[in-house]
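First up is the structure itself, then whatever we jot down about it.
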């Protein structure tokens with residue numbers, strides 16, 4: 001989806017104008033903002049050209065404002081692969097050398113989690129605008145350090161939380177804040193896969209370098225790689241942050257085939273100040289239920305992944321009783337076909353839902369690299385706009401910051417077998433969606 | 001509640017209301033009311049049906065029906081007049097349908113089969129189960145019973161003409177369409193959606209349809225065998241009482257074909273038909289003949 005299609009979808013949703021007060025970070029998607037950067041290019045350096053880095057490169061190739069001028073990776077095969085897409089880009093094996101390159105205005109960091117915080121701060125210190133993949137940092141302290149440093153420098157900083165730019169999430173959150181599903185009474189997130197989460201390793205000494213996701217020395221596993229995306233949902237929907245977090249994690253399957261030490265099975269519960277719970281569950285040795293994100297309301301449910309709205313009081317399909325009203329208004333009579341056996345939707349779970357917008361793109365969550373039409377391209381496009389204008393969109397960083405902090409806090413709760421709250425020192429100003 | 005009032009036709013101002021109760025959508029179309037009277041009537045109907053839903057709902061732990069299910073195995077439970085009357089009617093229908101309508105269908109099977117599962121004492125207004133594992137479910141009775149009460153309330157409010165629809169499977173008429181001699185209700189073809197398989201003309205009468213549900217799922221239990229009834233036909237019953245139509249259509253659908261005529265002999269003034277819909281859109285209608 002390009003910017004024009006995104007805007008078109010926004011228009012179809014009836015939220016042009018309305019959306020910006022609720023979602024200020026979408027301002028770069030407006031026609032006015034597009035004119036602001038017309039003909040200009042953002043000169044970008046990519047740090048980390050593995051699978052996710054190349055995913056971004058493929059998106060950048062389709063974006064008018066993008067000019068990739070530098071590539072960096074300390075694993076030469078990945079760097080050479082990426083260079084095929086941008087043959088004129090300068091190649092670096094040390095990211096600090098890329099940061100010294102004055103031609104680079106902004107960087108996209110797609111490296112292992114343990115490097116995110118350090119690289120982001122170094123890049124901001126070097127005067128670059130930064131897009132860093134989620135999660136924002138490896139520890140609670142490091143995330144705060146990144147946040148505070150950005151504030152001091154006034155840098156542009158985006159984190160790879162692409163749902164912020166996915167039209168169906170934007171539409172769904174608008175509907176939730178309009179009260180379409182009543183009071184939010186629960187948030188369910190799950191992400192199931194059945195694969196070993198491994199990348200091919202050409203030589204054994206590269207195991208931890210390439211499969212960094214599997215080792216706690218570099219990664220926080222499923223919480224920072226998957227949950228971080230979904231934990232935004234509760235805060236978006238309810239306009240508040242969780243009060244306490246508990247969880248349980250285990251290695252139950254894939255430790256039989258390798259020496260990984262991150263959990264392959266996790267469940268976490270986040271309780272909000274109003275008592276509502278948000279859950280996250282991930283198992284990577286069964287994929288039957290795939291990926292799910294559901295906002296449960298007192299009047300209905302919105303399934304964010306499929307873009308469907310289910311009401312708890314569904315109407316029977318095609319009742320002809322309304323036709324009778326029209327007949328009487330017009331002074332005519334004919335038969336109305338509506339009688340039949342019991343209406344099937346005896347329970348909410350079997351009632352048909354309604355798409356929340358036309359042409360909903362459904363992402364399965366099966367790919368561990370990225371997916372088409374999941375908001376990633378729009379997010380990078382917005383970053384390019386910010387690189388050129390130097391303007392940091394409102395609220396976008398705080399949403400990402402708290403997604404990271406609560407993913408890390410849940411991971412901590414699992415390892416400490418404790419119910420935890422986010423300490424005050426980690427709390428930064430948070431303006432909830434819809435209260436602007 | 002969804003409420004609509006239209007006086008575009010000044011001769012016949014029309015009220016439409018719909019609400020959700022008893023796991024289905026209930027709709028009313030009535031002529032001759034002012035907007036205020038129409039709204040008042042619709043609200044009172046909704047309140048009455050929802051109160052009835054609570055009283056008869058076995059899944060609501062606080063309902064009188066649940067109290068009976070929880071305690072009547074070990075003691076005779078006293079119930080209020082309305083619930084006792086409902087249970088008496090259910091017992092009369094059980095006998096009148098040869099056991100093919102039975103509110104004890106949800107009960108666990110016993111060595112003796114599914115014979116009498118509960119005893120009513122008219123003097124004390126009590127109900128007592130005959131064995132362990134009995135559970136009463138008024139779901140198949142409550143819609144028809146509620147539809148009767150709604151018709152009474154609409155008549156008392158002074159409706160000229162009205163049509164009331166309980167989830168498409170039970171429909172009751174008061175008077176007739178303002179531009180005809182009856183209300184014409186089309187029964188939808190089960191294989192060709194939106195197409196009429198049969199027209200039912202109602203004038204101060206009711207109809208009920210039983211069969212697979214609208215998603216094609218078998219859902220009616222045979223009280224004699226305890227298994228799901230796997231008939232592909234629809235059974236349509238027409239007659240004066242919405243409650244009798246509802247009960248009869250369920251019982252006839254559950255009963256073997258040979259038994260259906262026998263049951264119909266008990267219900268003078270009611271007509272029943274079997275409707276077989278075919279893939280190509282054609283239909284076959286067979287009357288269940290009570291003289292056989």
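The values are calculated or read from the model by the stated rules, or taken from the named source; none is laboratory data. Values in this document were obtained by computation on a predicted structure and should not be read as measured data. All Cβ positions, glycine included, derive from the backbone under ideal geometry; neighbour counts span all protein chains shown.
Points worth noting:
- Of the strands (runs of 3 or more DSSP E) contained entirely in segment B:193-292, those carrying at least 3 residues that are over 15 Å from the mean Cα position of the chain (by Cα) fall at B:196-202, B:271-277, B:283-287.
- Any chance residue B:20 is within 10 Å of chain A (Cβ to nearest Cβ), more than 18 Å from residue B:183 (Cβ to Cβ) and touching a helix residue (DSSP H, G or I) at 6+ places or on another chain (Cβ under 6 Å): no
- Scanning segment B:31-63 for residues being surrounded by 17 or more Cβ atoms within 10 Å (Cβ to Cβ) and within 17 Å of residue B:146 (Cβ to Cβ) gives a total of 12.
- Only one of the listed residues (B:45, B:26) is assigned to a strand (DSSP E or B) and more than 21 Å from residue B:117 (Cα to Cα). That residue is B:26.
- Hits in segment A:198-253 - residues which are in contact with a strand residue (DSSP E or B) (Cβ under 6 Å, 6 or more places away or on another chain) and part of a helix (DSSP H, G or I): A:222, A:226, A:227, A:230, A:233, A:234, A:237, A:238
- Residue in segment B:228-240 that is farther than 26 Å from residue B:282 by Cβ and either crowded, with 16+ Cβ neighbours inside 10 Å or at pLDDT below 90 (or both) present: yes
- Strands (runs of 3 or more DSSP E) within segment A:254-325 that include 2 or more residues without any contact (Cβ under 8 Å) to a residue 60 or more places away in the chain and buried (at least 17 other Cβ atoms within 10 Å of the Cβ): A:265-271, A:308-311
- Filtering A:168, A:151 for residues that are at pLDDT below 95 and part of a helix (DSSP H, G or I) leaves a single hit, A:168.
- Helices (runs of 4 or more DSSP H) contained in segment A:20-137 and holding at least 1 residues surrounded by 20 or more Cβ atoms within 10 Å (Cβ to Cβ) and in contact with a helix residue (DSSP H, G or I) (Cβ under 8 Å, 6 or more places away or on another chain): A:51-60, A:76-83, A:95-100, A:113-125
- The lone criterion from (1) closer than 23 Å to residue B:284 by Cα; (2) surrounded by 17 or more Cβ atoms within 10 Å (Cβ to Cβ); (3) at pLDDT below 90 left unmet by residue B:216 is number (2).
- Residue that is surrounded by 20 or more Cβ atoms within 10 Å (Cβ to Cβ), more than 14 Å from residue B:159 (Cα to Cα) and without any contact (Cβ under 8 Å) to a residue 24 or more places away in the chain, where the choices are B:6, B:18: B:18
- Residues of segment B:169-181 satisfying the condition of being more than 7 Å from chain A (Cβ to nearest Cβ) and either buried (at least 19 other Cβ atoms within 10 Å of the Cβ) or assigned to a strand (DSSP E or B) (or both): B:170, B:172, B:173, B:174, B:175, B:176
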